[in-house]
1. Could you check segment 112-141 and list, in sequence order, the residues that are more than 17 Å from the chain's Cα centre (by Cα) and assigned to a loop (DSSP other than H, G, I, E, B)?
2. Identify all residues within segment 37-66 that are in a helix (DSSP H, G or I) and in contact with a helix residue (DSSP H, G or I) (Cβ under 6 Å, 6 or more places away or on another chain); write none if there are none.
3. Filter segment 67-78 down to the residues that are in contact with a helix residue (DSSP H, G or I) (Cβ under 6 Å, 6 or more places away or on another chain) and not in a helix (DSSP H, G or I), then identify the one that is farthest from residue 114 (Cα to Cα).
4. Do we find that residue 64 is at pLDDT 95 or above, within 13 Å of the chain's Cα centre (by Cα) and crowded, with 19+ Cβ neighbours inside 10 Å in this structure?
5. For segment 80-98, does any single residue satisfy the condition of being modelled with pLDDT of 95 or more, out of contact with any strand residue (DSSP E or B) (no Cβ under 6 Å at 6 or more places or on another chain), surrounded by fewer than 17 Cβ atoms within 10 Å (Cβ to Cβ) and assigned to a helix (DSSP H, G or I)?
6. Got a number for residues in segment 100-141 being at pLDDT below 95 and closer than 20 Å to residue 42 by Cα?
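The values are calculated or read from the model by the stated rules, or taken from the named source; none is laboratory data. Here the structure is a predicted model, which means the values were calculated and not measured. Cβ: placed from backbone, ideal geometry, glycine included. Neighbour counts: every protein chain shown.
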């Protein structure tokens, strides 16, 4: 009987550890992706005029930390502290879907926004939005 109790306790312990681990590893990626969000063709073809140098990446990182990190997470995986409160995934900037996006498309999405993501047209200047694009590209490397 003691052996059965020990085995049952062990099994329950393993189950609880697995459940806790799964909940701690849950991210916004567990939410549905939402509707497709293609950029207009002209916007997608836009070329980034800001060189992805050390200064641009630092500025982009600072802007990202201030405006994006709370939903998109420190490493851009969509696991920021506000992400679990969203109805859809906040996206993974390190994933293949994002890597396929053109700089122009990413810039357009930052500019226009789509609920729950706000527009940054009024909050960030053109160069700042391009710097964020440069920083986002660095997350996938």
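1. 121, 122, 123, 124, 125
2. 43, 44, 56, 57, 59, 60, 61, 63, 64
3. Restricting attention to segment 67-78, the residues satisfying the condition of being in contact with a helix residue (DSSP H, G or I) (Cβ under 6 Å, 6 or more places away or on another chain) are 71, 76, 78.
Next, from what is left, pick out any that are not in a helix (DSSP H, G or I): 76, 78.
Numbers: 76: 18, 78: 16 Å.
My answer is 76.
4. Against the criterion (at pLDDT 95 or above, within 13 Å of the chain's Cα centre (by Cα) and crowded, with 19+ Cβ neighbours inside 10 Å), residue 64 qualifies.
5. Within segment 80-98 (the criterion being modelled with pLDDT of 95 or more, out of contact with any strand residue (DSSP E or B) (no Cβ under 6 Å at 6 or more places or on another chain), surrounded by fewer than 17 Cβ atoms within 10 Å (Cβ to Cβ) and assigned to a helix (DSSP H, G or I)), the answer is no, since none of the residues qualifies.
6. Total meeting the criteria: 1.
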